[in-house]
1. Could you check the range 138-147 and list, in sequence order, the residues that are closer than 19 Å to residue 176 by Cβ and surrounded by 20 or more Cβ atoms within 10 Å (Cβ to Cβ)?
2. Please go through (1) buried (at least 16 other Cβ atoms within 10 Å of the Cβ); (2) under 30 Å from residue 388 (Cα atoms); (3) out of contact with any helix residue (DSSP H, G or I) (no Cβ under 8 Å at 6 or more places or on another chain) for residue 286 and return the number of the only condition it doesn't satisfy.
3. Among (1) surrounded by 17 or more Cβ atoms within 10 Å (Cβ to Cβ); (2) touching a helix residue (DSSP H, G or I) at 6+ places or on another chain (Cβ under 8 Å); (3) at pLDDT 95 or above, there is one condition residue 279 misses while meeting the rest; what is its number?
4. In the range 35-60, what count of residues is obtained for those that are part of a loop (DSSP other than H, G, I, E, B) and over 25 Å from the mean Cα position of the chain (by Cα)?
5. Take residue 381 and decide whether it is in contact (Cβ under 8 Å) with a residue 24 or more places away in the chain, closer than 22 Å to residue 519 by Cβ and surrounded by fewer than 20 Cβ atoms within 10 Å (Cβ to Cβ).
6. Determine, yes or no, whether residue 286 is outside any loop (DSSP other than H, G, I, E, B) and either over 29 Å from residue 37 (Cβ atoms) or in contact with a strand residue (DSSP E or B) (Cβ under 7 Å, 6 or more places away or on another chain) (or both).
7. Step by step: first the residues of the range 520-537, then only those that are in a loop (DSSP other than H, G, I, E, B) and modelled with pLDDT under 95, then the one that is surrounded by the fewest Cβ atoms within 10 Å (Cβ to Cβ). Which residue is that?
């Protein structure tokens, strides 16, 4: 049971520090003035018009209802946390390092059995009232009772939460906590106790939350548009972790039903920034007058991150996908070379690891003695080629009917108990193999159609259903699908999100990110090793072993990646020249018309 203390006298604790890192020490010194990827001399002002596809019916980012239909910007990893802030600020130029924000300093021990957040005495809510330890404790308890994962589960790892002195909150952990957990607490939001209604908190609302962030909500048009205005009295505008951020006086986020409509709005200058994901579009469709005149600029950013795993995901909760051999055969049947040649002009590279292009990937690396020790008996059920790093997905002749590869796929399906009978792939009971791919947009539909074409050669007839955003979110939250396409974000600091994506405890939690329905004790054990690693060497070994287990399970059909960020912008929008580890950071951009 969580113990709660309203107040205790200050105790002899570790020396306060300005930052904390998952492994090693923070790169920036205690007296750092600003992050290296900002322009500290930027003049604030002007506006940014941003566009997204979808809709919104809610302004509360922390509840299960409308988890994916909350207005962008309130609590937003891409645009910044405009209204609600976290205890600390994550550097986007280090794998996983946190610096002071609401908490000016922290204290913890080497074993990470506790963490104490020392609030900045100057931290204020937008109504001018101070941010207090009571606000922090109130927020954690409120989100435990009425919030959504992962916020609702964080106190499960806390034995005691207590106020220390006038400005500090200390969390003492129980046996469920791991070495990453203190940093996740640092990433947690803080809400004002005096201005947050507890009753009905878990219901959708269009009433803006009071926050401590740099912006206030100016205008709300449900499902269409939300506008934020910069708070001139923002308390943190001069602290090191916020210098060079929040540079627009106004940020508007407009919603569009289709990507094409959003792009047309960008071409007309109604939207300032457009993130491009299609190689063909990036190469061919940016020939409109504003590009030719130089008014629209095409920027290419190269982050230092591993490639994301964009994939088609098997829902293994469905009986048809419980057999790993069948999933492997269906994976081989996807003709990447045909898709890359005919749809994308060979712009992509095949993704074959969850951490490709980084030291965390198992691709091309034989399992070390440390990895084998971590895997234990689980190593025996991993394909030897995955263990020695030589496993590769087959390369076809790009015809869409490569007989050699299709035979490999068929042999695996035969091993899973399927065979072609009267032109149809059937199981041992004579039932045809069929399933549905749920898609969100035209690009996904094109990939699904190409896959359908390949599967037809094996006597497999699949259906494709494209639905609107709200229906897609509702179905995926209930795991009501056979196969979907999704991106697994790959970072240099994988941690607790691996439990959400792959852990047994998340398999049957509604709205979790465990889309594949994985429940494997060996994967759970490897995630625990990732979270408990004390050295970089131990961490790398655990992630690579985890990578091998995921590849061996054939839970997804890996698709492709580029390794670059493509962003087009009207030249009135400027950005820093330095590109951090995590790539372009929109919260550091500015309106050049006020320079």
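1. 140, 143, 147
2. (2)
3. Against the list (1) surrounded by 17 or more Cβ atoms within 10 Å (Cβ to Cβ); (2) touching a helix residue (DSSP H, G or I) at 6+ places or on another chain (Cβ under 8 Å); (3) at pLDDT 95 or above, residue 279 comes up short only on (3).
4. 8
5. Judged against the criteria, residue 381 is a match.
6. No; evaluated as a whole, the condition is false for this residue.
7. 535
Residue-wise test of (1) under 18 Å from the mean Cα position of the chain (by Cα); (2) closer than 21 Å to residue 362 by Cβ.
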{"position": "488", "(1), (2)": "yes, yes"}
{"position": "513", "(1), (2)": "yes, no"}
{"position": "548", "(1), (2)": "no, yes"}
{"position": "565", "(1), (2)": "yes, no"}
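The values are calculated or read from the model by the stated rules, or taken from the named source; none is laboratory data. Just so it is clear, the structure is predicted and the values come from calculations on it, not from any experiment. Using ideal geometry, Cβ is built from the backbone for each residue, glycine included, and neighbour counts are taken over all protein chains shown.
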